[in-house]
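Participant: Quick one: the structure is below, questions incoming.
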Amino acid sequence: MAMTVDKPRETALKILCDINDKGAYSNISLNKYLNDRELRDIDRSFITDIVYGTLNRKLTIDYFIERYSSVKIKKLSPWILNILRMGIYQLLFTDRIPVSAACNESVRLAKKYGHMASSRYVNAVLRNIARSRDNLPYPDKDRELLAYLSVRYSHPQWMVEEWLERFREEFTEGLLLANNKVPLFTVRTNTLKISKENLVELLAGEGFEVEDGKYLKDAIIIKNPVAVQKMEAFRKGYFQVQDESSMLVSKVLDPKPGETVLDVCSAPGGKSTHIAQLMKNEGTLISRDVHEHKIKLIDEAKNRLGMDIIKTEVFDATTLDRGLVGKIDRVLVDVPCTGLGIIRRKPDIKWSRSSGDKKEIAALQERILSVASKYVKKGGVLVYSTCTIEPEENEERVERFIKENGDFYLEDLSGLIPQTLKKEGLNKGYLQLYPNIDGVDGFFIARMIRGS
């Protein structure tokens with residue numbers, strides 16, 4: 001007789017094995033499995049929580065497996081290891097799943113994906129941890145600060161060490177804590193189709209709890225965002241899902257109707273569609289990406305939102321397009337980066353990145369920025385942005401570019417940034433956002449002008 005197991009937990013297990021053992025991207029693997037029509041919305045929310053939560057807390061969870069298991073992690077099969085991780089996540093980091101459910105469902109999965117001995121082993125480890133829940137053996141904060149922060153907040157030691165050197169202890173701990181929180185779900189009103197007031201009314205009428213964004217007038221925070229993308233209002237193009245830090249990039253670019261604008265690394269299209277909206281769908285916006293499949297995402301978004309000024313093109317941002325040199329009013333360079341500002345959205349970044357990545361990525365950023373700058377007209381605007389908080393990819397990159405390109409200068413951002421976000425660096429021409437201070441994704445934005 002086939003073993004019956006809880007379908008949402010089994011689905012979460014398959015996704016975790018995909019990510020941890022086959023190197024799949026978390027968002028792609030999740031989307032693939034969540035398309036199953038048999039799943040209810042409540043199941044999809046549960047699966048998403050288990051997958052992202054288990055991934056996010058992997059270092060802490062593995063630390064306790066090493067302490068409570070008689071078998072070394074390396075000796076465990078991927079299925080049993082991921083069943084254990086999910087079980088421990090449910091025991092230690094959720095407050096609405098009873099201990100009995102977390103243990104029993106994990107044991108059932110272990111019977112199906114292992115054998116009797118594995119199910120007994122999983123049961124023993126989970127019951128031991130459940131009994132010690134209120135007194136877990138974390139490293140001592142006073143004697144081993146680095147190990148304590150790494151284990152308590154589940155971040156690799158190299159990352160914590162770098163941040164401790166750059167920031168004070170209190171800031172670093174706040175940043176680690178913020179990276180483990182579920183980010184706000186924010187949407188941008190598509191003012192080409194609907195007013196914010198009407199959209200708020202529409203969302204509230206559908207049972208969504210909404211409030212104003214923190215900084216921008218078109219932003220709306222949805223407190224209970226279940227199946228938002230299945231809504232009629234989404235299909236009709238009344239809004240785009242986008243964090244406010246990302247919206248601020250287009251605000252700093254400050255495009256005007258009728259201009260010619262170029263977005264050199266534009267997929268999946270959040271910033272491009274915002275730029276088109278700020279241009280009132282008048283002028284020309286060239287949106288490029290090196291990958292054909294990513295261009296399709298921009299096309300889908302622009303068609304849904306009703307923006308016909310966006311011209312998508314497959315193009316490598318490191319290659320110079322001689323036909324555009326000196327012809328563009330405003331150029332956005334939203335470069336590939338380490339992504340250390342969006343860990344709360346993509347926790348697998350913590351485990352896929354290493355300290356050495358920054359050098360390689362910074363070299364790519366330098367090439368893209370150098371090429372993209374050549375398209376800017378005299379007197380035109382060049383905006384550089386990343387979703388990271390690392391100086392080597394941010395202010396150091398921009399300062400080096402300015403040093404090597406004497407015809408560009410940084411422009412004061414004070415007049416373009418909401419009053420509620422006044423912070424140091426604005427008068428120098430750049431803005432660094434942090435999840436723990438600003439409540440949005442960690443982003444860096446710089447605005448440069450080409451001298452005439």
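The values are calculated or read from the model by the stated rules, or taken from the named source; none is laboratory data. As the structure is a computational prediction, the values presented were derived from the model and not from experiment. Quick reminder, even Gly has a Cβ in these numbers, built from the backbone with ideal geometry, and neighbours come from all protein chains shown.
Participant: What number of residues in segment 178-206 are touching a Pro at 6+ places or on another chain (Cβ under 9 Å) and assigned to a loop (DSSP other than H, G, I, E, B)? Talk me through it step by step, then tell me what you get.
Facilitator: Filtering segment 178-206 for residues touching a Pro at 6+ places or on another chain (Cβ under 9 Å) gives 178-181, 183, 185, 187.
Checking which are assigned to a loop (DSSP other than H, G, I, E, B) leaves us with 180-181, 183.
So the answer is 3.
Participant: Let me ask you something else. In segment 73-91, which residues are assigned to a helix (DSSP H, G or I) and either on the phi > 0 side of the Ramachandran plot or surrounded by fewer than 19 Cβ atoms within 10 Å (Cβ to Cβ) (or both)? Even if it seems obvious, please write down each step before you answer.
Facilitator: Initial filter on segment 73-91 (assigned to a helix (DSSP H, G or I)): 73-75, 78-91.
Scanning segment 73-91 gives Ile73, Lys74, Lys75, Pro78.
Participant: Looking at Ser246, Ser154 in this structure, which one is at positive phi and in contact with a Ser or Thr (Cβ under 9 Å, 6 or more places away or on another chain)? Full working, then the answer.
Facilitator: Numbers: Ser246 fails: at positive phi.
Ser154 is the lone residue from the list that is at positive phi and in contact with a Ser or Thr (Cβ under 9 Å, 6 or more places away or on another chain).
Participant: Taking the residues in segment 287-309 that are of a type in the set (A, V, I, L, M, F, W, C) and without any contact (Cβ under 8 Å) to a residue 40 or more places away in the chain as candidates, determine which candidate is nearest to Ile194 (Cα to Cα).
Facilitator: Applying the filter and picking the extreme gives Ile309.
Participant: Determine whether segment 151-160 contains at least one residue that is in a helix (DSSP H, G or I), touching a Pro at 6+ places or on another chain (Cβ under 6 Å) and closer than 19 Å to Arg57 by Cα. Don't jump to the end; show me each part of the working.
Facilitator: Applying the first criterion (in a helix (DSSP H, G or I)) to segment 151-160 yields 151-153, 157-160.
Now narrow it down to the ones that are touching a Pro at 6+ places or on another chain (Cβ under 6 Å): 151.
If we keep only those that are closer than 19 Å to Arg57 by Cα as well, we get 151.
Looking for residues that are in a helix (DSSP H, G or I), touching a Pro at 6+ places or on another chain (Cβ under 6 Å) and closer than 19 Å to Arg57 by Cα, one finds at least one in segment 151-160, hence yes.
Participant: Among the residues of segment 92-111, which ones are among the basic types (Lys, Arg) and either modelled with pLDDT of 90 or more or in a helix (DSSP H, G or I) (or both)?
Facilitator: Going through segment 92-111, the residues among the basic types (Lys, Arg) turn out to be 96, 108, 111.
Arg108, Lys111 - these are the residues of segment 92-111 that are among the basic types (Lys, Arg) and either modelled with pLDDT of 90 or more or in a helix (DSSP H, G or I) (or both).
Yes/no per residue for (1) surrounded by 14 or more Cβ atoms within 10 Å (Cβ to Cβ); (2) touching a residue at least 60 places away in the same chain (Cβ under 8 Å); (3) not hydroxyl-bearing (Ser, Thr, Tyr):
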residue	(1), (2), (3)
Gly356	no, no, yes
Lys359	no, no, yes
Glu366	yes, no, yes
Leu410	yes, no, yes
Ile417	yes, yes, yes
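Participant: Please indicate, with yes or no, whether at least one residue in segment 360-381 is within 22 Å of Glu173 (Cβ to Cβ) and in the same structural domain as Ser266 (by TED's automatic domain parsing). Give the derivation first.
Facilitator: Filtering segment 360-381 for residues within 22 Å of Glu173 (Cβ to Cβ) gives none.
No.
Participant: Residue by residue through segment 92-103, note down the ones that are more than 25 Å from the chain's Cα centre (by Cα), of a type in the set (A, V, I, L, M, F, W, C) and surrounded by fewer than 19 Cβ atoms within 10 Å (Cβ to Cβ).
Facilitator: Result: Ile97, Val99, Ala101.
Participant: Of the residues Phe185, Phe171, which is touching a strand residue (DSSP E or B) at 6+ places or on another chain (Cβ under 7 Å) and either within 22 Å of Pro435 (Cβ to Cβ) or not basic (Lys, Arg) (or both)?
Facilitator: Details: Phe171 fails: touching a strand residue (DSSP E or B) at 6+ places or on another chain (Cβ under 7 Å).
When all the criteria are applied, what remains is Phe185.
Participant: Right, something else. For segment 217-246, which residues satisfy the criterion of being in a loop (DSSP other than H, G, I, E, B) and farther than 30 Å from Leu410 by Cβ? Please lay out each step first, then the result.
Facilitator: Start the filter on segment 217-246 by keeping residues that are in a loop (DSSP other than H, G, I, E, B), which leaves 217-218, 223-227, 231, 236-238, 242-243.
Hits for segment 217-246 are Lys223, Asn224, Pro225, Val226, Ala227, Met231, Lys236, Gly237, Tyr238.
Participant: Free of Cβ contacts under 8 Å to residues at least 12 places away in the same chain, within 19 Å of Arg67 (Cα to Cα) and among the hydrophobic types (A, V, I, L, M, F, W, C): does that describe Ala130?
Facilitator: Values: free of Cβ contacts under 8 Å to residues at least 12 places away in the same chain: no; within 19 Å of Arg67 (Cα to Cα): yes; among the hydrophobic types (A, V, I, L, M, F, W, C): yes.
It is false that Ala130 is free of Cβ contacts under 8 Å to residues at least 12 places away in the same chain, within 19 Å of Arg67 (Cα to Cα) and among the hydrophobic types (A, V, I, L, M, F, W, C).
Participant: Okay, moving on. Being over 11 Å from Ser272 (Cα atoms) and crowded, with 23+ Cβ neighbours inside 10 Å is the filter here; which residues of segment 284-316 pass it?
Facilitator: Asp289, Leu305
Participant: Select from segment 205-237 the residues that are at positive phi and more than 21 Å from the chain's Cα centre (by Cα) and write down the one among them that is modelled with the lowest pLDDT. Don't jump to the end; show me each part of the working.
Facilitator: Our first condition is that a residue be at positive phi; within segment 205-237, this holds for 207, 227, 237.
Applying the additional criterion that residues be more than 21 Å from the chain's Cα centre (by Cα) yields 207, 237.
Values: Gly207: 90, Gly237: 97.
Among those residues, the one meeting the criterion is Gly207.
Participant: Still on this structure, please answer the following. Is one or more of the residues making up segment 315-325 within 20 Å of Leu253 (Cα to Cα), touching a residue at least 60 places away in the same chain (Cβ under 8 Å) and over 27 Å from the mean Cα position of the chain (by Cα)? Can you show your working first?
Facilitator: Here is the first cut: in segment 315-325, the ones within 20 Å of Leu253 (Cα to Cα) are 317, 324-325.
Next, from what is left, pick out any that are touching a residue at least 60 places away in the same chain (Cβ under 8 Å): 324.
Now narrow it down to the ones that are over 27 Å from the mean Cα position of the chain (by Cα): 324.
Yes, there is a match, as at least one residue in segment 315-325 is within 20 Å of Leu253 (Cα to Cα), touching a residue at least 60 places away in the same chain (Cβ under 8 Å) and over 27 Å from the mean Cα position of the chain (by Cα).
Participant: For Val249, state whether it is part of a helix (DSSP H, G or I), in contact with a strand residue (DSSP E or B) (Cβ under 6 Å, 6 or more places away or on another chain), surrounded by 20 or more Cβ atoms within 10 Å (Cβ to Cβ) and touching a residue at least 12 places away in the same chain (Cβ under 8 Å). I'd like the intermediate steps shown before the answer.
Facilitator: Values: part of a helix (DSSP H, G or I): yes; in contact with a strand residue (DSSP E or B) (Cβ under 6 Å, 6 or more places away or on another chain): yes; surrounded by 20 or more Cβ atoms within 10 Å (Cβ to Cβ): yes; touching a residue at least 12 places away in the same chain (Cβ under 8 Å): yes.
The answer is yes for Val249.
Participant: Is there any pair linking a residue in segment 76-105 that is among the aliphatic types (A, V, I, L, M) to one that is surrounded by fewer than 23 Cβ atoms within 10 Å (Cβ to Cβ) and in a loop (DSSP other than H, G, I, E, B), with Cβ under 7 Å and at least six apart or on different chains, and which?
Facilitator: Pairs found: Ile80/Gly114.
Participant: Please report, ordered by residue number, the strands (runs of 3 or more DSSP E) entirely within segment 355-452 with at least 2 residues that are of a type in the set (Lys, Arg) and either more than 26 Å from Gly339 (Cβ to Cβ) or more than 22 Å from the chain's Cα centre (by Cα) (or both). Even if it seems obvious, please write down each step before you answer.
Facilitator: Details: elements: 376-386, 408-410, 430-432, 444-450.
Answer list for segment 355-452: 376-386, 444-450.
Participant: Take the residues in segment 10-38 that are among the polar types (S, T, N, Q) and buried (at least 16 other Cβ atoms within 10 Å of the Cβ); name whichever of them is farthest from Asp348 (Cα to Cα). If you could, list the steps in order and put the result at the bottom.
Facilitator: Residues of segment 10-38 among the polar types (S, T, N, Q): 11, 20, 26-27, 29, 31, 35.
Those left that are additionally buried (at least 16 other Cβ atoms within 10 Å of the Cβ): 11, 20, 26, 29.
Values: Thr11: 18, Asn20: 9, Ser26: 7, Ser29: 12 Å.
Only one residue tops the list, namely Thr11.
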